[in-house]
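**Q** The structure is given below, and queries will be raised subsequently.
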Amino acid sequence: MSLATSVLVEKKDRVAIVELNRPESLNALNTEALQLLACKLKELTIDDDVQIIILKGKGKAFSSGGDIKMMLSMNVEKDFFTIMDYINEIALTLYSIPKLTICAIQGAAAGLGLSLALASDFIVADHHAKIAMNFIGIGLIPDGGGHFFVERRLGEVKAKELIWEGKVMTAQEALEKQLIDQIADGNLEEVVQNKIDAWLNSPIQAMIKSKKILADINRPNLQKILELEKYSQLKMRQTKDHLEGVQAFVEKRKPKFKGM
């Protein structure tokens, strides 16, 4: 999959569909996909013809999270910071972009994939979706603003519980926790289209202005958390537990963590 096609954008009327296009890896986010997604979102930020953005994934999953192959090859500190800067830019742009955003989840939305989904204004998931903030499984912490977005929806106590457990949830479980906003009763695309139609027939400029006010208030906190996540993640990548977590993932076995 080339850089030019790892993220696709289609625009129609006042809507832009941003589609992660690495279905062979369940839309795992590697360096190229992150770079292109950051670029495409920046372009849409200044596109006055677009008022609604749909974020989705091609194939069987929304996104399985960060690409493990990328993690294994990312040995140079410079590479790490470059990737984290892309991640932080995407999260900040998605959260504060002067458009209304919908994330459509089919299949897996895990790790970084879930962080980016949570940056959207509205999340709708297929009945069979599997949702997990599962960084803990490889000895890492949430990034992409995961701490900010989960705490915003669940509160601090429940956020810690979710992050520490790293449990894979059904769509129904995620809805009950208020981690997502709606489960598609029928066809996911039809449910998303109904939401688009409702928004397009609303005073959408006023809705966007309210979003901007709230985002401007909370933006400094998100920026601070993104920086904390970046430097904390670097520390976590240097732990023996992280190395064990990745090795166990590759070998498809349960990790043996030692708190080191």
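The values are calculated or read from the model by the stated rules, or taken from the named source; none is laboratory data. Computed from a prediction, not measured in an experiment: that's the story for all the values here. Note that each Cβ is placed from the backbone with ideal geometry, even for glycine, and that neighbours are counted across all protein chains shown. Side chains are part of the model used for accessible areas, which takes the heavy atoms of the whole protein and leaves out ligands, DNA and RNA. Shrake-Rupley method; radii C 1.70, N 1.55, O 1.52, S 1.80 Å.
**Q** Is it true that some residue in the stretch 210-232 is among the aromatic types (F, W, Y), open to solvent by less than 80 Å² (accessible area, probe 1.4 Å) and part of a helix (DSSP H, G or I)?
**A** no
**Q** So in the stretch 50-88, with the set limited to residues that are of a type in the set (D, E, K, R) and closer than 17 Å to I102 by Cα, which one is most open to solvent (accessible area, probe 1.4 Å)?
**A** My answer is K58.
**Q** Among the polar types (S, T, N, Q), in a helix (DSSP H, G or I) and modelled with pLDDT of 95 or more - does that describe any residue in the stretch 242-251?
**A** no
**Q** All but one of (1) more than 17 Å from the chain's Cα centre (by Cα); (2) surrounded by 20 or more Cβ atoms within 10 Å (Cβ to Cβ) hold for V7; state the number of the condition that does not hold.
**A** (1)
**Q** Kindly establish whether Q223 is of a type outside the set (F, W, Y), within 20 Å of T93 (Cα to Cα) and touching a residue at least 24 places away in the same chain (Cβ under 8 Å).
**A** yes
**Q** I'd like to verify a number: residues in the stretch 89-105 that are buried (at least 20 other Cβ atoms within 10 Å of the Cβ) and more than 29 Å from S232 (Cα to Cα), how many?
**A** 4
**Q** Got a sec? Which of D143, D126 is in contact with a Leu (Cβ under 9 Å, 6 or more places away or on another chain) and crowded, with 23+ Cβ neighbours inside 10 Å?
**A** None of the other options fit; the residue is D143.
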